[in-house]
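The values are calculated or read from the model by the stated rules, or taken from the named source; none is laboratory data. Nothing here was measured: the structure is a model prediction, and the numbers come from that model. Positions of Cβ are backbone-derived with ideal geometry, glycine not excepted, and every protein chain shown enters the neighbour counts.
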Amino acid sequence: MLATMESVTIMQFADTLAGMVLQSEAGDNYRLSLYKMQNDREAQQKIRAFASLKDLYEEVQRFGKYHLEYKRVNLEIRELKRAMDLHPTIADFKRAETEIQGILDEISMKIGHAVSPNIKVPSGNPFFDSLSSCSGGCGSGGGCSCSA
């Protein structure tokens, strides 16, 4: 891609916008909760335990219910995930992360729809996906009245 003055200007505006998001209250909250989570020994231990079991879980899923450890690993991964998600500093971080993601999704939608209302902007957020005519996964070839 050939860099033009217009594309350089657009990238500078994008950097400015990113800086504004980082300097917002939500950005401050995100950085603070990330710092607290990274420095919480118990939270880090829970994250490491979950990550190590996740590798075994993925192997068990390859074989499904025929794997010898299927029931034990499925139960254990759910228990570890729940314990991890309910830990206060991890829960605070996930809330802050979701808030930042919501802001970024909204910015993406506004930019995309400013260009054209037909532009599809992937958000991963069902609220924003419902604003478009199709969620993208109907698989009916237009049977849901979308323009697939």
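Among all residue pairs at least 6 apart or on different chains, which show Cβ distances below 9 Å where the first residue, located in segment 39-56, is closer than 22 Å to ASP92 by Cα and the second is surrounded by fewer than 17 Cβ atoms within 10 Å (Cβ to Cβ) and among the hydroxyl-bearing types (Ser, Thr, Tyr)?
Pairs that qualify, where the first residue is closer than 22 Å to ASP92 by Cα and the partner is surrounded by fewer than 17 Cβ atoms within 10 Å (Cβ to Cβ) and among the hydroxyl-bearing types (Ser, Thr, Tyr): there are none.
Restricting the first residue to segment 95-116 and requiring it to be within 19 Å of ASP15 (Cβ to Cβ) and at pLDDT 90 or above, which pairs with a second residue that is in a helix (DSSP H, G or I) and among the polar types (S, T, N, Q) meet a Cβ separation below 8 Å and a spacing of at least six or different chains?
So the pair list comes out empty.
Determine which member of the set LEU34, LEU22, LEU17 is in a helix (DSSP H, G or I), surrounded by 14 or more Cβ atoms within 10 Å (Cβ to Cβ) and within 20 Å of the chain's Cα centre (by Cα). Break it down into steps so the answer makes sense when it comes.
Values: LEU22 fails: surrounded by 14 or more Cβ atoms within 10 Å (Cβ to Cβ); LEU17 fails: surrounded by 14 or more Cβ atoms within 10 Å (Cβ to Cβ).
Matching residue, one of LEU34, LEU22, LEU17: LEU34.
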